[in-house]
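Trainee: The structure follows.
The values are calculated or read from the model by the stated rules, or taken from the named source; none is laboratory data. Just so it is clear, the structure is predicted and the values come from calculations on it, not from any experiment. When we count neighbours, we look across all protein chains shown, and the Cβ atoms used for this are built from the backbone with ideal geometry, even at glycine.
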Amino acid sequence: MSPLAIMSTLIDRELRTAARTRSYYLLGLAVGAVLLGLTLGGGGAATGYIPAVVDLLLPLEILVPVVAVAIGYRAIPSDLDRGEVAMLDTYAVSPSAYVGAVYVGRAAVLSAIIGGALVAVGVVVAVTAAPDTGVFATQSGVDSPILFGRFLVVTLLFGNAILAVVVLASVVVATTRTAIVAVIAAVLAVVVGGEAAILLGVLDGVLDEATLQVALGLIPNSAYRGIVFETVVGVLSAGESGYASPLVSAVGLLLWTLVPLAAAAGLLRWRLR
Amino acid sequence: MDWWLPRRWTVGLMLCLLVVGIPIALFGIPVDSAAPEPVPFEDTRAIGVASAEEVAADDTAAIPRVQVFYSQYQYVIGYYGLSTALAAIDEPTTRQQYGHPLVTYVTDYSNTAPSVGDDSRLDTEQVPAWTAASDAVFVVDSGAQTPAGAAIVPFSDRDEATAFAEQTGGRVVSWATLGEQSFETDDGAVVRDRVAAQRADADSWVAERTELLDRQRSVTVGPDDDLQAAIDDAPNGTTVALAPGQYPGPIEIDHPITLRGPGATIAGDGEGSVISVTADRVAIQGLTITGVGNQSRNPDAVAGDRWDANIELGYGHGDAAIAATGANDTLVADVTVPDTPANGVLLRRSPGGVVTNLSVAGPEDWRDGFMGVIAMYSPTVIQHSAVTDGRDGVYLHRSDGTIIRNNTFRENRYGVHLMYSSGVLVADNRMAGQSYGGITVMTDPTRNAIVGNLVHNTSTGISTSGSNSYLAHNGVTDSRIGITTTAINSLYEHNVVRHNEQGMRTGSVVATSEVTANDFISNDRHAGASAGPLRVWRGNHWEGALTTPSGRTADRAYMPTDPVDGQRHRSTTRRTVAASPVYQGLRELTGASPGLRSGSILDPGPVETPQNPDLVETTATLHTDGLAGVPAAPSER
């Protein structure tokens, strides 16, 4: 079998497993309900996409990592516990292909859950957003579904980067029993620790304007927030930019996706040796 | 089916498109490329001329117009006059509330054969269409004048612009050049700076009219004499003195004399007005007037065909204790009208008058009565007077620059009712128990100042309208709504609203006013918002906004219209809800897109201590004791 075919078979297996897992459906419903609740509670959805984004941005910074933990923490450890990884070895499946396939499968689940919930929010905005009064002529300004689409894309980038961190942390401890602790610790380290590092850097004066944009790009939450500010909310005011460097931040998020996956594959290879 | 790609390739390509192509495309598409088409001007929220109706009844081309689509504002804003629009676009508040202009349209005077008439009015033969401002050129210094100032006339066709400029002696400039100039409109702060001078003007205005009381006495009349004959015989510029007692009316004064009679009563026959004044510089002092007719309008009156003729007929021709028509510089002083079924004092086309220490009472039900003082086309000083049980305490129509101060109004429909009147000062009045409103401004006037008034137990304490006004140092208690902020581009500062159902309420979709340093205390809801964007009110004191369970105060934004935040001062339980991270996360960035939000108010910097301690104390007394508890003439500030 070609590596591609193996990958495709493994991804297929992951997706079938996911499709059979009832708790994912529950999780999806819960996330959808929370986002819709926040959207309606925030009030911004009553008038447009950007206000809805503004309402959801900070809650999503917390919610997305939690969902990533729920989806990813036991994917590999449970395979390890059941000895399935060792069995895969007999089929000459490389650890990279295996980690990649597991990740793609889980990323698809995460994207479906978060993306689906955000699409639902988008539909709510599209259907309900309207000005308070029809006495005057109205328009939508720069507000548009495109901006909401950008928000969705960036949110998924962020979620999948955190998912990669989760996969790595779970490979580090390698047992289902301890995976949850390790994964939560890792996510906290990245989410809270990264932000704290930036804050400290600013407080101590280590980071100046030029390096701050780069530093922001290298911390997943900051990168996420920065891209949304720069390419979604910041569009409101012409000429006002510099919330972050979208390119650096996007590269940062991709690195947070690829580096942990590579590390996880390497670690697994070392374990199975 | 050779031309099909292998299935795997198709799937791969689709996935690639989904995961890479579409996301990248989303960031590549510019979001503000599609400019919306212009809308009919009537559909915009129009700003810039005191009473649009006056203009609407006129030629629509007389004022060049602008409409702006802002990047983060749902309503299309219309402006009368280019300078109004340019001033607004430059305004930092506008930037903050609406964002930047996505597209600006101006009325296009190409193909309309424009000319400037002898009256400096801009005339056209065709109705101007709309054109994008960035593509247009503009003729300035053409000599054309509009109610919004010197006209700046847009053309889409440069040759026509040049021709018009040559014809009128103006010059042609581009949109970019216009944008570099600075345009300013008088906002509320300018009106604030005017108030002191306006008070001083009123003082000298009153002093001049009061000199009419110094006229030499030519005759003293007793109750048995023929009063009308004595008045008719009195030489111009003298005083007719009345001995105490009752005199039959009605009487007419058609030349400049002074009528003085402390203790004298003039009793009308219940038909028409009791004293009619038709000459300039007449003074009436010290009389009691009874027997006023009960008609609030005169079926035989004629008022011409001006746009407001029906208003004049409806309000300006009723019976009155004293009716001055075409009588400039009238003085009415120390007059008592104990019971009128119609007006107390009516001034029609009689500018320059002074009404001081007048007392008017109407029937128990305001529907049976009319106005305490009505001034039509008659700028007047109305002071130290009292009106009870009338329809309106004071009703103004087109009486710019009137001063209404230190009066007391009880149990009327409206205490002070401004129609089509700009540049008015309403100061230091006290009012209680009006059915509809304390001070009610209608019809979009401009540059009004409402200062230092106390309103108690009224439906809507102070209801504003129009633009560029100044509302300050007012105290409203125990009312349904304290103060409305309908007047745009205005300054609302140092007011105290307490024990109202709603302290303040927004009323305009245009959020260009500054609302600051006001105290909101013990209202059911400190503030409510009607249709429109998020309003940002900075630096007010909202009782309970900052208290925390530890008893200390927190540094935080406050949203009075929010069901959680807005009830902090009434419900400690809601403070627990407000401390939730979810709630705070939702609220943290709310102010980021005010123009795209709706029906809400945010104070990003609420202050802990009341900003107006004296007025807070006064309104506390007003709340417990009503008008009886507060001094009759609030000290001037």
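Trainee: Of all strands (runs of 3 or more DSSP E) completely enclosed by region B:415-521, which ones contain at least 3 residues that are closer than 24 Å to B:Glu608 by Cβ?
Mentor: The qualifying strands (runs of 3 or more DSSP E) are B:475-477, B:491-493, B:496-498, B:502-505, B:514-516, B:519-521.
Trainee: Within the group B:Asp478, B:Asp389, which residue is surrounded by fewer than 24 Cβ atoms within 10 Å (Cβ to Cβ), modelled with pLDDT under 95 and charged (D, E, K, R)?
Mentor: B:Asp389
Trainee: Under 24 Å from the mean Cα position of the chain (by Cα), outside any loop (DSSP other than H, G, I, E, B) and within 14 Å of another protein chain (Cβ to nearest Cβ), is that true of B:Thr84?
Mentor: no
Trainee: If you take the residues of region B:338-361 that are in a loop (DSSP other than H, G, I, E, B) and touching a strand residue (DSSP E or B) at 6+ places or on another chain (Cβ under 7 Å), which of them is nearest to B:Ala309 (Cα to Cα)?
Mentor: Taking the candidates together, the pick is B:Arg349.
Trainee: Need the failing condition index for B:Val274 against (1) over 29 Å from B:Gln198 (Cβ atoms); (2) out of contact with any Pro (no Cβ under 6 Å at 6 or more places or on another chain), just the number.
Mentor: Evaluating B:Val274 over (1) over 29 Å from B:Gln198 (Cβ atoms); (2) out of contact with any Pro (no Cβ under 6 Å at 6 or more places or on another chain) leaves (2) as the failure.
Trainee: Working only within region A:10-33, note down all residues that are touching a residue at least 40 places away in the same chain (Cβ under 8 Å) and either of a type in the set (A, V, I, L, M) or within 14 Å of chain B (Cβ to nearest Cβ) (or both).
Mentor: A:Leu10, A:Ile11, A:Leu15, A:Ala18, A:Leu27, A:Val31
Trainee: Helices (runs of 4 or more DSSP H) wholly in region A:113-228 with at least 1 residues that are surrounded by 17 or more Cβ atoms within 10 Å (Cβ to Cβ), among the hydroxyl-bearing types (Ser, Thr, Tyr) and away from every other protein chain (no Cβ under 13 Å) - which ones?
Mentor: A:145-173, A:176-188
Trainee: Here's another thing I want to ask about it. In region B:281-302, which residues are surrounded by fewer than 16 Cβ atoms within 10 Å (Cβ to Cβ) and of a type in the set (A, V, I, L, M)?
Mentor: B:Ala301, B:Val302
Trainee: Quick check, is A:Gly28 modelled with pLDDT of 90 or more, touching a helix residue (DSSP H, G or I) at 6+ places or on another chain (Cβ under 7 Å) and surrounded by fewer than 22 Cβ atoms within 10 Å (Cβ to Cβ)?
Mentor: yes
Trainee: All but one of (1) more than 10 Å from chain B (Cβ to nearest Cβ); (2) within 19 Å of the chain's Cα centre (by Cα); (3) closer than 30 Å to A:Val192 by Cα hold for A:Asp55; state the number of the condition that does not hold.
Mentor: (1)
Trainee: Looking at this structure, is A:Gly100 under 21 Å from A:Trp270 (Cβ atoms), part of a helix (DSSP H, G or I), of a type outside the set (A, V, I, L, M, F, W, C) and at pLDDT 90 or above?
Mentor: Yes.
Trainee: So, one more: Look through region B:325-337, keep the residues that are assigned to a loop (DSSP other than H, G, I, E, B) and hydrophobic (A, V, I, L, M, F, W, C), and return whichever of them is farthest from B:Ser359 (Cα to Cα).
Mentor: B:Ala327
Trainee: Could you please let me know if B:Val153 is under 19 Å from B:Thr177 (Cβ atoms), at pLDDT 85 or above, among the β-branched types (Val, Ile, Thr) and surrounded by fewer than 24 Cβ atoms within 10 Å (Cβ to Cβ)?
Mentor: no
Trainee: Against the definition (modelled with pLDDT of 80 or more and touching a helix residue (DSSP H, G or I) at 6+ places or on another chain (Cβ under 6 Å)), how does B:Tyr80 come out, yes or no?
Mentor: Criteria not met by B:Tyr80.
Trainee: Follow-up question, since we're still on this one. Provide a single number: the residues in region B:227-282 that are part of a helix (DSSP H, G or I) and charged (D, E, K, R).
Mentor: Residues flagged as part of a helix (DSSP H, G or I) and charged (D, E, K, R) within region B:227-282 amount to 2.
Trainee: Of these, B:Arg398, B:Arg405, which one is of a type in the set (Lys, Arg), within 12 Å of B:Met376 (Cα to Cα) and out of contact with any Pro (no Cβ under 7 Å at 6 or more places or on another chain)?
Mentor: Answer to the selection: B:Arg398.
Trainee: Return yes when B:Ala207 is touching a His at 6+ places or on another chain (Cβ under 9 Å), among the aliphatic types (A, V, I, L, M) and either modelled with pLDDT under 95 or outside the structural domain of B:Gly326 (by TED's automatic domain parsing) (or both) and no when it is not.
Mentor: Taking the combined requirement at face value, the residue does not satisfy it.
Trainee: Only one of (1) within 14 Å of another protein chain (Cβ to nearest Cβ); (2) surrounded by fewer than 24 Cβ atoms within 10 Å (Cβ to Cβ) fails for B:Ile77. Which number is that?
Mentor: (2)
Trainee: Now, a different point. Can you confirm whether A:Ala45 is of a type in the set (A, V, I, L, M, F, W, C) and crowded, with 23+ Cβ neighbours inside 10 Å?
Mentor: In short, yes.
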